[in-house]
Amino acid sequence: MDLPPRVGFGGRLAGLLALLNRFDRSRRCAIACGATVLVASIFVTAPLVDHYYLYPFEWDSPMVVQHTVGFMHFFRHGSGSMLPEIGCYPPFFDGQFICYALAAFGVQALRAIGWVSQELPTSESLAIYAIRHVNVMCLVLSTVTLFAAARLLGRRNVIAILLSLVFLLSPPILTIDLLRIDHLIVFLLVVTICLSLLVTVRQRGIMVYALLGAVTACLANTKITAPAFAVIPATAVAWALLSRRCGRRELAGLFFYGGVVTAMLGLRFLLHAPDLVDIMKDKIADNRLWLIYLPVTPYTYYNWEYFFPYGREFIIMVYAALAGLLVRLTRRRQGPTVVLVCSLVVLSLSLFPMMKYPRGGYHLIPLFLLTLAAGFACAEAWVRTKSRARVAGMAASLLAALLLVPALVRVAGSYRDIRCNAKNRVESVRVTRILPREWFRKHVPPGSRVGVFGGLEQYCPPVWDLGYSVVGHLIAPPLLYPDRMTNYEPPSHDDIRHLCDIMLFSNHMFNGLMDSIHRFAPGRVETAWKQFFAGLDERYPMMGYYSTTPNYFVSHVKVYVINPSILTHPDSAFRDDPSQGVTFSPPLIAGGSVTNRASP
């Protein structure tokens, strides 16, 4: 009887790699991996949603909410009286506001059938709920779409799922507040990239081009700087034309649906088209003013510092992959490679002179990840040509997967901190926003004069619907004009006593002012401002609200009572409650009419 031949370790390893290769390339496995990415995206993003919906606290979030409410009113009543005016700021088109307004009606329908139980008593709260959940859905769908694009480039499920998880956990994206439109832009950008890659892979029908035109139009009508992303579909369509994969029907579908969507989303701007040039000029001038606060060295768009949270090995892999793609282009020009390389080069150069800020380079994240996918596929093809082993390609794919693990571990560690801050945000909002509001509502009557930093009321507790008079001209530093900051003196305490009943500050407002003064006016002016704030602590009773974690840059709030005679319940106005993060500080200077009235 003949015995079967014994299989050694090498044979078993080869068999295992062959089995993994079959599963890694199968479409059924791809569907399962895509479902896994979808579930992981929901699991990662759900804890980041802020469930406080009554007021927005980000810098330009009130504007986004107001414009969304304006479009809700427009769609409900057909009146354009509440639609936002066209101006140089905000630099947004109407795409996101229309999307959020329609989503708000969807939320109302879900509430009517009992699928949404959240209390949303105002139009603003309904808009906030809709905006946050639309942006969460955009983040989830962006991850799934990037998985599809990565698999299209590399034909490997393992590589695609790892790249999509790195994208999902990317700190620059997760730290963007869910009331900002950047999540919607990321989704439209990733879909545009995926469709552009589809156009270059093989012959496509008119529906793919129509969808590409519609999505590109949505992207271009969502933010005024988004048309720069048109280089991606333009390169793809140009490649399809040169390779004779695109005809008149496809081009007609592309431009027709793009034009229809543009007309639907940019109606106000089409009606005021002559003003767009002036709007753009004003926006550029506005950006130049802010450049004094932003890094003068390369930071965001065009070098590796933006990707430090991913690890240096990640940066090395990206540039190695880009170098490999450039070498491959000299030998064999492929559509996906041309699109990726041209997009990276053009976007980096076009955004080179623009202002740099920490979240400004998020458009490079999907491009870098897809460059890795294409680079890994290029390396795998090279290994297969150099090795006679059938499983050489799978071995190369596993090595690439191992190289991605450190970056995944790094971004997962950052996510842990982001999730912790999100978990504590509700309590921080309660301590620094809601408790001070309740104190104002109980003790400060309507009509009282409340002094704040001019234009930064959103970083204070939401008390502005209680009927107070905002005094913002006493402390309104010219932050964008360094020459004026050098001589900007603090107000006198006599002016404060005559013009304010309450002074309201948050740590974010205070730190921003003192940092600017230290930068542009050190010495005499900085000393004067330090004495001014020390004088507030010495002269007036102060209620402090402190949180261990920040919410929207605010972790503590101070309320100085300049004129205690206005308080409706002075006996109970000043009470310590350290367990709730509430402290009372009596004035240090004894005597004087103001101090005597202020003593509880």
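The values are calculated or read from the model by the stated rules, or taken from the named source; none is laboratory data. Keep in mind the model is a prediction, meaning the values are calculated, not measured. Here the Cβ is made from the backbone with ideal geometry for all residues, glycine too, and neighbour counts use every protein chain on show.
Observations
- Members of segment 391-423 found to be loosely packed, with under 15 Cβ neighbours inside 10 Å and of a type in the set (G, A, S), listed by number: A412, G413
- Being crowded, with 19+ Cβ neighbours inside 10 Å, out of contact with any strand residue (DSSP E or B) (no Cβ under 7 Å at 6 or more places or on another chain), of a type in the set (V, I, T) and not assigned by TED's automatic domain parsing to the domain that holds L276 is a property that V158 lacks.
To keep it simple, each residue is scored yes or no on (1) under 30 Å from T68 (Cα atoms); (2) outside the structural domain of L364 (by TED's automatic domain parsing); (3) in a helix (DSSP H, G or I).
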position: R132; (1), (2), (3): yes, yes, yes
position: L152; (1), (2), (3): no, no, yes
position: L162; (1), (2), (3): no, no, yes
position: V166; (1), (2), (3): no, no, yes
position: P172; (1), (2), (3): yes, no, yes
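- Matching residues in segment 94-110 - criterion: being of a type in the set (A, V, I, L, M, F, W, C) and in contact (Cβ under 8 Å) with a residue 12 or more places away in the chain: F97, I98, C99, A101, L102, A103, A104, F105, V107
- Answer from V450, V431, V463, V426 - the residue that is in contact with a strand residue (DSSP E or B) (Cβ under 9 Å, 6 or more places away or on another chain), surrounded by fewer than 18 Cβ atoms within 10 Å (Cβ to Cβ) and β-branched (V, I, T): V426
- Against the conditions (1) part of a helix (DSSP H, G or I); (2) over 19 Å from V158 (Cβ atoms), P406 satisfies every one except (2).
- Residue match in segment 264-274 (condition: surrounded by 13 or more Cβ atoms within 10 Å (Cβ to Cβ), modelled with pLDDT of 80 or more and either touching a helix residue (DSSP H, G or I) at 6+ places or on another chain (Cβ under 7 Å) or assigned to a helix (DSSP H, G or I) (or both)): yes
- Within segment 62-73, one or more residues are within 20 Å of the chain's Cα centre (by Cα), of a type in the set (S, T, Y) and not assigned by TED's automatic domain parsing to the domain that holds A263.
- Condition met for H51 (in contact (Cβ under 8 Å) with a residue 24 or more places away in the chain and either under 30 Å from F553 (Cα atoms) or outside the structural domain of V429 (by TED's automatic domain parsing) (or both)): yes
Listed here are the residues, each with its yes/no results for (1) under 30 Å from T45 (Cβ atoms); (2) in the same structural domain as R332 (by TED's automatic domain parsing).
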position	(1), (2)
G375	yes, yes
W382	no, yes
L399	no, no
V409	yes, no
W439	no, no
G451	no, no
W464	no, no
D483	no, no
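- Residue satisfying condition, being under 27 Å from P477 (Cβ atoms) and of a type in the set (K, R), within set R410, R449: R449
- All of L513, L479, L536, L504 fail the test of being surrounded by 16 or more Cβ atoms within 10 Å (Cβ to Cβ), touching a strand residue (DSSP E or B) at 6+ places or on another chain (Cβ under 8 Å), at pLDDT below 90 and not hydroxyl-bearing (S, T, Y), apart from L513.
- For segment 427-439, the criterion of being in contact with a helix residue (DSSP H, G or I) (Cβ under 8 Å, 6 or more places away or on another chain) and either basic (K, R) or in a loop (DSSP other than H, G, I, E, B) (or both) is met by none of the residues.
- When residues of segment 573-586 are limited to those that are free of Cβ contacts under 8 Å to residues at least 12 places away in the same chain and part of a helix (DSSP H, G or I), the one farthest from L499 (Cα to Cα): S579
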